[in-house]
Amino acid sequence: MTVTTRLRSGETRTAGVAPGRTRRRRVDSLKAFLYVAPALAFSLIFLIVPTLQTAWYSLYDWNGLSAATWAGVQNYIDIVQDEQLRDSFMHVGVLVVFYSFLPIAIALLLTMVISRAHALRGMSFFRTVLFLPQVIASVVIATTWLAIYSPNGLLNTLLRAIGLDSLTHVWLGDFNTALVSVGFVGTWLNVGLCLVLFLSGVGNVQPELFEAARLDGASGLQEFFGITLPALRGQITVALTLTVVSSLKTFDLVYITTRGGPGNSTSVPAFEAYNRAFNSGQVGSAASVAVVLTIGILLITALIGRLQPKDTE
Amino acid sequence: MNGKKRNWTGVIAVSVAVALSLTACAPGSGSGPAASSGPVSKDVAGAGDVTLTVWDQNTDEGITDAQEKLNAEFSAKYPNVKIDRVTQSFADLKTTLKLALSGDNPPDVVQANQGYPDMGAFVQGGLIRSLNDYDGLYDWSSYYPESLLKINSFSADGKTWQGDNLYGISQTGEVVGIYYNKKILTQLGVEAPTSLDELEKDMAAAKAAGILPMAYGDIEKSPGIHLFGVVQAAIAGSDAVNKLVTGAGGAWTDDASVDAAKTIQDWSSKGYITEGANGVSRDDALAQFEAGQSAFYIVGTWKQAAISEAMGDDAGFTTLTPKDADSPVTTGGEGLAWAVTTGSKHPDVAAAYIDFINNADAAKTFIDENSLPSVIPADYTPKPGLETDVFDTYGKVTSSGGLVPYLDYSTPTFYDTLTSAVQQLTDKQVTPEAFTEILQKDYSGFIGSK
């Protein structure tokens, strides 16, 4: 690693000294820009400009149809003051636990078990099954879970079958269980993703390390904390980034299963942004929610990136 | 490294400049095509080849068949007109119509929901045109009763509902009422209820007999409007609710609304409505009623065709009369208004089309498909059974002024506010008083800003 760094800086130094090469570099970088231009134009038109437009809208009070009136930062103040909006950000905080922390914990546990049972027959079959939720369209998943959670759905039928009638619930219709129920779908969804990441990470560890540990008489748990977990730091960061971002921008599951209900108990910022922009004619407020959400996602992603071990670049 | 940084600053600067030049003025200003004020005519055949894009939400059983039939008849009468029908559910139409109307290529004819959130916003944005001139040609004013015309009218600035300008006409009549299962009521030995007290007595009898009194599913949130609307109308009476929704006076925290909220919460506690209704879909609840598993079900007359097909003569329809009134009062009005967009290049053809699908002949087509037209032909005698119940009720409430508007017309955000508040009310998350305060907060904010 250190060798490459030294080489790079050496190159820069020589480039600074020779004027001929500078010009050449300029031409090169112009050429490079030409290569990048199509992608740049694309992201300008479809990403950067709309993002800035959204930020601009967020400063107005606008119903989407008539002329807007200047609102300054009022829409942002409302995010803090409006109970419904504030709650939606709280809910997404709960969802992060279910979408991210739980799946990672469960996947680590499974990794610990599975990585010691490499010889298990049909391993690839189980791996496929666990990864399947990632492959299915989210609308299908949400509709399936809607049926599972319905009053006479699979979950309640199961509970009744084993005599736990008292635990049956209208899972998505109850103020106390709706958010957790939606969250659990996310857990189910993301375990497979994390597991596949972690298993590939474990696969990269030299088998000699495990062998040596076993010769030294390390228990399964010691092996896990001593070898597997440190080796997976990079994968955990990736899993964390992917799952946290997916939880923060949750929309489809909520839209299909509860539409933010009952009451507002499962509303999330992405759903609020959609609903305000397209249904209730509060485009400015919707834009401000979107902006705060975007900044939040960027910040959290940057923070998680700090966990990434430097030497795995 | 330095060069890289500078480039990025440049890119950002350029993109900011581009974005600002795109949005140099406040969003929405200068949008909306100017209304054409040229002469209007009834001539369709002379318009040449025209494709009329029509957005509707006539998806309910019976109503969609009637619409298909009318479209085919119109095309047969005027072979030069091709109708491009875009049909979607009410909720989908509500979401997409605003974007379609504000785009460069709006549909010619649309079904606009009445009240401030939709029609009001469209009028304010100059997106649908006043039909006063076509009213002069087709004389809708004498076909429709005044009360129905008023619902489809706004002031020219879109700020006052029931103003002087007509913006649409409606095909179907709508009354939200209580469907009941005749077999179950006979079994219980009770009559169809005509007042809130009678309804509660009947429900108590059903509960005692181990029958679910009222099937109710509210996962989609919108059925809550009807449940609260029916009870509120039966307690507050037509005058008070009308004033409230049109913004002419009163408050949601008034006693009548608090009483209505108390009544509903009470029903929920006593198990009169489906337990855990917030997690039950509207369709599942209806299916439960149709299968004879509940005595009552609250919904509008647009479900007449579906319910009569499923239950035949077992189904009845009733509405409630407030204590000191002599005729029933309930939520209702007319189907969504057929409106002509300002962006339409063929307003003459569009107006002829909406006349064709709304006139007296069209009304007969709707009756044939087991649906309630907005104006029942004078010479028509309804078939005995559910149709008589529905048609008689509609006649009674429209002639006596007993129709109160849908409550979500009240403010642009009232749909969300009310539906989520009703979910909280039935699940006992809020007290009846707190429930009305949630509504009032939204309401006073809007009234204050007008």
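The values are calculated or read from the model by the stated rules, or taken from the named source; none is laboratory data. Not measured: the values here are computed from a predicted model. Because the Cβ atoms are built from the backbone with ideal geometry, glycine has one as well, and the counts that use them run over all protein chains shown. The area values use the complete protein model at the heavy-atom level, side chains included, leaving out ligands, DNA and RNA. Shrake-Rupley method; radii C 1.70, N 1.55, O 1.52, S 1.80 Å.
Chains A and B: buried accessible surface, both sides, probe 1.4 Å, rounded to 100 Å²?
3100 Å²
Find, to one decimal place in angstroms, the Kirkwood hydrodynamic radius of chain A, where the mean of 1/r is taken over every pair of different Cα atoms and then inverted.
By the Kirkwood definition, the hydrodynamic radius is 23.5 Å.
Compute the accessible area of each residue in the range A:141-164 twice, once for its chain alone and once with every protein chain present, using a 1.4 Å probe on heavy atoms, and list those whose area falls by at least 20 Å².
Residues passing the criterion (a loss of at least 20 Å², heavy atoms only) are A:Pro151.
Would you mind computing the Rg to Rh ratio of chain B from its alpha-carbon coordinates, Kirkwood style for Rh?
Answer for chain B: 1.02.
Under unit Cβ charges (Lys, Arg +1; Asp, Glu -1), what dipole magnitude, rounded to 20 debye, does chain A have relative to its Cα centre?
The dipole magnitude comes to about 1460 debye.
In Å², what does the accessible area per residue of the range A:92-266 work out to with a 1.4 Å probe?
With all protein chains present, the range A:92-266 gives 49 Å² per residue.
Heavy atoms only, probe 1.4 angstrom, no DNA, RNA or ligands counted: give me A:Phe98, B:Phe74 ranked by accessible area, highest first.
A:Phe98, B:Phe74
Between A:Val113, A:Val97, A:Val289, where does the largest GNM mean-square fluctuation fall for chain A, given springs only between Cα atoms within less than 10 Å?
Highest fluctuation of the listed residues: A:Val113.
How large is the dipole of the range A:92-266 about the Cα centre if only Lys and Arg carry +1 and Asp and Glu carry -1, each at its Cβ, rounded to the nearest 20 debye?
220 debye
Residues of the range B:407-435 that become at least 20 Å² less accessible with every protein chain present than in their own chain isolated, using 1.4 Å: which are they?
B:Pro412, B:Thr413, B:Asp416, B:Ser420, B:Gln423, B:Gln424, B:Asp427, B:Gln429
Measure of size requested: the Rg and Dmax of the range B:72-160, with Cα atoms as the atom set and Å as the unit; please supply both.
My reading of the Cα-based Rg and Dmax gives 14.7, 40 Å.
Over the range A:92-266, what is the mean sequence separation of C-alpha contacts under 8 Å (at least six apart), divided by residue count, expressed as relative contact order in percent?
It comes to 40 percent, rounded to a whole number.
For the protein assembly as shown, take the alpha-carbon Rg, divide it by the Kirkwood Rh, and send me Rg/Rh.
My calculation puts Rg/Rh at 1.04.
First obtain the Kirkwood hydrodynamic radius of the range A:92-266 from its Cα pairs, then insert it into the Stokes-Einstein equation at 10 °C and 1.306 mPa s, and state the resulting D in µm² per second as a whole number.
Here the translational diffusion coefficient equals 89 µm²/s.
Stretched out fully, how many nm does the piece from B:Ala91 to B:Asp254 gain, at 0.36 nm a residue minus the Cα gap?
Going from the current span to full extension adds 55.6 nm.
Given a 1.4 Å probe, how much area per residue of chain B is accessible, in Å²?
39 Å²
Calculate how steeply helix B:90-102 sits against the longest principal axis of the alpha-carbon atoms of chain B, using the helix alpha-carbon long axis, and give the answer as 0 to 90 degrees to the nearest 10.
With both axes taken from Cα atoms, the answer is about 20 degrees.
Rolling a 1.4 angstrom probe over the protein chains, ignoring ligands and nucleic acids, what is the accessible area of A:Val49 in square angstrom, nearest 10?
10 Å²
Got a sec? Charge dipole of the protein assembly as shown, +1 on Cβ for Lys and Arg, -1 for Asp and Glu; which of A:Val140, B:Trp302, B:Tyr409 is way out at the positive end?
Looking along the dipole axis, the top candidate is A:Val140.
Running a GNM on chain B with Cα contacts under 10 Å, which residue among B:Thr319, B:Thr413, B:Thr341 ends up with the highest mean-square fluctuation?
Greatest mean-square fluctuation among the candidates belongs to B:Thr413.
Of the heavy-atom accessible surface of the protein assembly as shown (probe 1.4 angstrom), what whole percent is carbon and sulfur?
Carbon and sulfur: 59 percent of the exposed surface of the protein assembly as shown.
Taking chain A as a Gaussian network, where each spring joins two C-alpha atoms under 10 Å apart, which residue of A:Ile45, A:Ile104, A:Ile77 fluctuates the most?
Comparing A:Ile45, A:Ile104, A:Ile77 in a Gaussian network model of chain A, the most mobile one is A:Ile45.
What is the helix-to-structure angle for B:223-246, meaning the angle in degrees between its Cα long axis and the longest Cα principal axis of chain B, kept from 0 to 90 and rounded to the nearest 10?
80 degrees
For the pair A:Ile162 and A:Asp252, what calculated FRET efficiency results from E = 1/(1 + (r/R0)^6), where r is the Cβ-Cβ distance and R0 = 51 Å, to the nearest 0.05?
It comes to 0.95.
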